[in-house]
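Working notes for the structure below.
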Amino acid sequence: MFESRIFKKAALVVGGAAVALPLLAAAPAVAAPSGAGAEQVAAARQAAPNSFVLGFYQDYSEAVRANDQTLAEQLLTDNLTETARDEVAAWEAENGADGVLFAQNAPEDVTILDTDGAAGTIYYTLGLEWGDGSTTPVTVKYSNVVGLISGISNQTA
């Protein structure tokens with residue numbers, strides 16, 4: 001069941017990218033759309049990074065819950081820049097907890113609370129939702145330039 005969910009998410013992300021990439025490639029070649037068309041293009045541009053970041057956090061949380069350290073490490077390697085991985089490792093060494101989840105266990109759910117972008121970077125505020133009903137905000141920095149998560153912080157931006 002765990003592998004099936006990952007494969008379904010991978011298919012969803014690949015499918016979303018297949019839809020979004022032609023839109024992104026065509027966007028600079030045409031005049032900037034206005035009205036509803038502009039909103040659709042903006043939504044398509046945002047969809048792939050949203051799916052990437054949310055999918056990573058959901059899959060990573062599942063790996064932690066399943067105590068699958070090999071998968072958790074592979075997800076870090078595949079989805080974070082080297083600098084971001086180094087920052088996660090340094091936080092873990094200093095705090096004795098997971099540097100992606102900022103906790104010793106995994107949340108029950110992850111949601112996107114807010115997004116903001118500037119100069120090739122999207123800043124996400126994710127909500128890590130815990131079993132007791134509380135939500136912990138985490139800031140995730142996604143680089144449009146390299147297509148990876150380039151920073152994670154438990155300080156909201």
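Some notes on this structure:
- Distance (nanometres) between label positions extended 7 Å along Cα→Cβ at Trp130 and Ala90: 2.6
- Ranking of Ser51, Ser150 by count of other Cβ atoms within 10 Å, fewest first: Ser51, Ser150
The numbers here are math on the coordinates, done by the rules we state, and not lab data. Values in this document were obtained by computation on a predicted structure and should not be read as measured data. With ideal geometry, Cβ positions are generated from the backbone for all residues, glycine too; neighbour counts draw on all protein chains shown.
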